[in-house]
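Notes for the one structure printed next.
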Amino acid sequence: MNVTVFGTGYVGLVQGTILAEVGHHVVCIDLDDHKVEQLRQGNIPIYEPGLESLVKENYAAGRLEFSTDAAAGVNHGQVQFIAVGTPPDEDGSADLKYVLTVAATIAEHMEQNQIIINKSTVPVGSADKVRDEVEKVLERRGRNDIAFDVVSNPEFLKEGSAVVDCQKPDRIIIGTECDATIEVMRELYAPFNRNHDKIIVMDVKSAELTKYAANCMLATKISFMNEMANLAERLGADIEAVRKGIGSDPRIGYDFIYPGVGYGGSCFPKDLQALIHVSNTIDFDAKLLKAVESRNKEQKNTLFNKISQHFHAELKGKTFAIWGLSFKPNTDDMRDAPSRVLMEALWAAGAKVQAYDPEAMEEAQRLYGSHDHLILCGTKEAALKNTDALIIVTEWQNFRAPDFDLIKEKLTEPTIFDGRNIYEPRRMRAKGFTYYSVGRPSPL
Ligand code: NAD
């Protein structure tokens, strides 16, 4: 099938590539000509395990193309994916301007009947807005003879495992009431639907809400565990024991119940905000969602509070090593990352930071390169040199079993603040560290 994808970010690039890999002919359109040129040269602007080789192979095979030519793009595809950003507006609502711009672009150039597939995360009712936009442009062009459908097909990939998630989706949500569209969508996704039927067809609004409900549920799990961690810390219990204890109940399960420094990334914070905003507009008080968000905001300060307390609020002139800048492992994404809240708080208190991340160094350079209280280091060991403590913010595999003797040698005091509970407190004490973690009596 000929497929057009608007937006070559985490979602558009990965989904476009995976569709090309199974044999569809995919043209990816982006406004950013530098990005398009880089992609054509095989330079992938984001880090996702397994993505680079797939992009290169499919590009070389001619199944995957990158272009800024929207008109040619629209005329290529039997289906048009919208996979552009929906960042939060000032009031927390999802900003639809990129989505609606793409809708207008598609309408401007389409010459045949089309299926417009909305992959971006958009509030309930957005498909109607896309439909109105397309109708308006077709009307102006005098082309109301062209038929189209707008499908909600939200994306559930996780950054860090986006390729595998797209290759083996847990579910494929299709929101439409049109039988002909369902048939085309089934054909499009047939290569991913062989093992068992993963396609769940529903009305458009339910599909749009499903995406928000999924992200809000996951964010709720995290905030719930962080709330329990705060309680455990104050009551002298160990949240890791509690986690195992509750995870063993199959109704709860072990997944996604890790305490830490709060959720970040481009999705949970903004999707929660957007659903709270929608609730406000319909006079519904989303009490639970507001609490989830507020717990998360506080949790992002948990490491700073522990650090400040340990150093009796005298952080001026201190230097801290930070391991992990991305909002989670296996990605270079620092959007809304807890590391940013921490670094900004440390700087505001007069401290300096020496940071290392296996993949997010370029992004950190882009965001904070000119900050004179930040040194970006080439290795995790280099980040330790002459620092007052080590702070772990992201649980990269590579941080799990470091050379503790070396850490001790490089730190002026053997103190570790671990925001992800990756070490065992008892062992850390035996090795001579002052070790703070989350939801466990500290320091041990
Ligand atoms: P992104 O910011 O990484 O990428 C968006 C891309 O769209 C950019 O390359 C931008 O240049 C391009 N773009 C903007 N306007 C355009 C236009 N008019 N024509 C062509 N290209 C245009 O965004 P993302 O992280 O891929 O997210 C896209 C959507 O998918 C969002 O709604 C997001 O909430 C949702 N989503 C994201 C994830 C994730 O993990 N990142 C997961 C599921 C869903």
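Read-outs throughout are calculated quantities, based only on the coordinates presented, and are distinct from any laboratory measurement. Please read all numbers here as calculations on a predicted model, not as lab measurements. Because the Cβ atoms are built from the backbone with ideal geometry, glycine has one as well, and the counts that use them run over all protein chains shown.
Laid out as a table, the results:
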{"read-out": "Note, ³J(HN,Hα) from phi for region 51-65, Karplus 6.51, -1.76, 1.60, rounded to Hz, x at Gly and Pro", "value": "6, 4, 5, 5, 4, 4, 5, 6, 5, 4, 7, x, 8, 10, 10"}
{"read-out": "GNM result for the chain, Cα springs below 10 Å: residue of 91, 249, 197 fluctuating most strongly", "value": "249"}
{"read-out": "Rh by Kirkwood over Cα pairs, then Stokes-Einstein D for region 212-298 at 0.692 mPa s and 37 °C, µm²/s", "value": "240 µm²/s"}
{"read-out": "Highest-fluctuation residue, 326, 206, 152 considered, GNM on the chain with Cα pairs under 10 Å", "value": "206"}
{"read-out": "HN-Hα J in Hz across region 234-248 - Karplus 6.51, -1.76, 1.60, θ = phi - 60°, x for Gly and Pro", "value": "7, 9, x, 9, 10, 4, 5, 5, 4, 4, 5, x, 7, x, 5"}
{"read-out": "Folded to 0 to 90 degrees: helix 126-141 orientation relative to the chain principal axis, Cα", "value": "40 degrees"}
{"read-out": "Point-to-point label distance, residue 156-residue 231, nm (Cα→Cβ direction, 7 Å offset)", "value": "2.9 nm"}
{"read-out": "Lysines with Cα under 19 Å of residue 244, excluding same-chain neighbours fewer than 8 positions away", "value": "221"}
{"read-out": "Debye-sum result for the chain in log10 I(q)/I(0), which assumes one identical scatterer on each alpha carbon, at q = 0.07 Å⁻¹", "value": "-0.40"}
{"read-out": "Least to most buried among 21, 298, 111 (fewest other Cβ within 10 Å first)", "value": "111, 298, 21"}
{"read-out": "Near-label residues of region 73-92 by backbone N, under 17 Å of a point 7 Å along Cα→Cβ of residue 145", "value": "none"}
{"read-out": "Packing-based exposure ordering (other Cβ within 10 Å, fewest first) of 228, 343", "value": "228, 343"}
{"read-out": "Three principal axis lengths of region 300-436 [C-alpha, angstrom, descending]", "value": "40, 32, 24"}
{"read-out": "Rounded to 10°, Cα long-axis angle of helix 268-281 versus longest principal axis of the chain", "value": "60 degrees"}
{"read-out": "Ranked list, fewest to most other Cβ atoms within 10 Å of each Cβ, for 35, 431", "value": "431, 35"}
{"read-out": "Extreme residue, positive dipole direction of region 209-254, given options 224, 213, 242 (C-beta unit charges)", "value": "213"}
{"read-out": "Selected from 184, 36, 26 as most flexible by GNM, with the chain as the system and alpha-carbon contacts under 10 Å", "value": "184"}
{"read-out": "Amide H contacts of residue 28 (H built 1.01 Å from N, under 5 Å, at least 5 apart or other chain)", "value": "5, 65, 66, 67"}
{"read-out": "For residue 437, distant residues with modelled amide H under 5 Å away", "value": "418"}
{"read-out": "Helix axis angle, 10-21 relative to the chain longest principal axis, alpha carbon, degrees", "value": "60 degrees"}
{"read-out": "Size of electric dipole in region 212-298: Cβ of Lys, Arg +1 and of Asp, Glu -1, about Cα centre, debye, nearest 20", "value": "20 debye"}
{"read-out": "Shape of region 1-144, Cα gyration tensor, a/c cut at 1.5", "value": "oblate"}
{"read-out": "Under 24 Å from the Cα of residue 136 - lysines, other chains or at least 8 residues apart", "value": "97, 119, 205"}
{"read-out": "Reachable lysines, given that their alpha-carbon falls under 29 Å from the alpha-carbon of residue 408 and they are not under 8 places away in the same chain", "value": "300, 306, 316, 318, 328, 352, 380, 385, 431"}
{"read-out": "Integer Hz, Karplus 6.51/-1.76/1.60 couplings in order for region 425-433, x for Gly and Pro", "value": "x, 4, 5, 5, 5, 4, 7, x, 8"}
